[in-house]
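Engineer: One structure, as C-alpha cells, below. Some questions next.
The values are calculated or read from the model by the stated rules, or taken from the named source; none is laboratory data. Computed from a predicted model, the values in this text were never measured in an experiment. Neighbour counts run over all protein chains shown; Cβ positions are idealised from the backbone, glycine included.
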Amino acid sequence: MKVLKEGRSLNETIYSQVRGLILTGQLLPGNKLKISALAQRFDVSMNVIREALNRLAGELLVDVAPQQGFSVRGLNPDELADLTEQRITFESIALRKSIETRDIEWQARLIAANHRLVHTPQTLPETPATFNPEWHTRHEDFNFIMMENCGSKWLFLMVKQLAEAFSIYQRVLLPVTVEQGERNSDHNELLQAILAEDADSAVAILSEHLNHTRDVLLNALGAVASAGHAFESGIR
C-alpha cells in the first residue's frame, strides 16, 4: 500500500509539473511531447509520462494523434473566440453569485488582490519589451478570487479550466503586443462595481474586458502568422 501511495504521489507530481510548463508557456503550443525525452528530463518511467499526457489530453491542453503521438495544443483563432464566449457565459454567472453571497472577508481579499495587480508592472523594468510573468500570476489571482465566492465548486472548476486554457494564449501572445494587452483601469472599474453591489455593471465591464483581450490576442495571432512563425511546429 505504501508503494502504491508513493506511485500515485509521483504520478500527480509529474502531471502537475508538465501541466505547469504548458500553462506558463515554457512548452509552446504545437510542441511535440516526446515521451522518452520527458521521461529522461524528469527521471521517471515512460508510463508515468504517458499517464500525465493522457490526463492533459482529457483537459484539452494536449493533442494526441495516431502515429504522431502527443503535442501541446496549438493556437487557433476559432478556439480563442469560443473560449472567450464560454468564459463570458460562465464567469458572468459566477460573478453574479459571488456578489450575491458577498461578505467582508471576500471583499477584503479582492481589494488586496487588485492592489497587488495594479502595482505590479506588466513588463519587466530592466527589459520593457519583456512580459512580466508575476503580473500574469497576480492577474489570475484577482480573477479566481473574484469568482471563488460563487458557492459552487463545479461552476468554479469550469471557470478555472476555461481561464487556464485562455491563459495559454495570453502568455504566448501578450508579449507580442504588451502595451495593448490588458488595462488596469478595467480591473479598478470592475472592483468598484463589485463593491457597489452592482452586478449588471460588473458583468458588463467583465464582458467588455474579455472581448477586448480576445481582439488583441486575435490581432497578435494574425501578426505572428503573417510573420511566418509556426507555433504548430514548436517555433516561437
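Engineer: I'm told residue 59 meets every condition in (1) within 24 Å of residue 138 (Cα to Cα); (2) of a type outside the set (A, V, I, L, M, F, W, C); (3) in contact with a Leu (Cβ under 9 Å, 6 or more places away or on another chain) except one. Can you identify the failing condition by its number?
Structural biologist: With respect to (1) within 24 Å of residue 138 (Cα to Cα); (2) of a type outside the set (A, V, I, L, M, F, W, C); (3) in contact with a Leu (Cβ under 9 Å, 6 or more places away or on another chain), residue 59 is out only on (3).
Engineer: OK, next. Please indicate, with yes or no, whether at least one residue in region 123-138 is in contact with a Leu (Cβ under 9 Å, 6 or more places away or on another chain) and within 16 Å of residue 210 (Cα to Cα).
Structural biologist: Yes; the residues of region 123-138 include at least one that is in contact with a Leu (Cβ under 9 Å, 6 or more places away or on another chain) and within 16 Å of residue 210 (Cα to Cα).
Engineer: State yes or no: is residue 173 in the same structural domain as residue 99 (by TED's automatic domain parsing), in contact with a Gly (Cβ under 9 Å, 6 or more places away or on another chain), buried (at least 20 other Cβ atoms within 10 Å of the Cβ) and at pLDDT 80 or above?
Structural biologist: yes
Engineer: Right, another one. Restricting the search to region 54-70, which residues are acidic (Asp, Glu) and touching a residue at least 40 places away in the same chain (Cβ under 8 Å)?
Structural biologist: The answer is 59, and nothing else.
Engineer: If a residue must be touching a Pro at 6+ places or on another chain (Cβ under 9 Å), assigned to a helix (DSSP H, G or I) and either among the hydrophobic types (A, V, I, L, M, F, W, C) or surrounded by 17 or more Cβ atoms within 10 Å (Cβ to Cβ) (or both), how many such residues does region 114-148 contain?
Structural biologist: Result for region 114-148: 1.
Engineer: Tell me which residues, restricted to region 20-48, are in contact with an Asp or Glu (Cβ under 8 Å, 6 or more places away or on another chain) and not in a loop (DSSP other than H, G, I, E, B).
Structural biologist: 23
Engineer: Any idea which of (1) modelled with pLDDT of 95 or more; (2) in contact with a Gly (Cβ under 7 Å, 6 or more places away or on another chain) is the one residue 31 doesn't satisfy?
Structural biologist: (1)
Engineer: Just one of 72, 62 is touching a Phe, Trp or Tyr at 6+ places or on another chain (Cβ under 6 Å) and either at negative phi or surrounded by 17 or more Cβ atoms within 10 Å (Cβ to Cβ) (or both); which is it?
Structural biologist: Only one candidate passes the filter, namely 62.
Engineer: Name the residue, out of 101, 13, 84, that is assigned by TED's automatic domain parsing to the domain that holds residue 161 and more than 28 Å from residue 215 (Cα to Cα).
Structural biologist: Residue meeting the stated conditions: 101.
Engineer: With (1) at pLDDT 90 or above; (2) more than 17 Å from the chain's Cα centre (by Cα) as the list, and residue 17 as the residue in question, which single condition is left unmet?
Structural biologist: All conditions are met except number (2).
Engineer: Related question: Considering each of 51, 79, 12 in turn, give the residue that is closer than 30 Å to residue 132 by Cβ, more than 15 Å from the chain's Cα centre (by Cα) and either free of Cβ contacts under 8 Å to residues at least 24 places away in the same chain or not in a loop (DSSP other than H, G, I, E, B) (or both).
Structural biologist: Going through 51, 79, 12 in turn, the sole match is 12.
Engineer: In the list 111, 88, which residue meets the criterion of being part of a helix (DSSP H, G or I), β-branched (Val, Ile, Thr) and over 14 Å from residue 187 (Cβ atoms)?
Structural biologist: 88
Engineer: Residue check: is residue 192 surrounded by 14 or more Cβ atoms within 10 Å (Cβ to Cβ) and either modelled with pLDDT of 85 or more or of a type in the set (Lys, Arg) (or both)?
Structural biologist: yes
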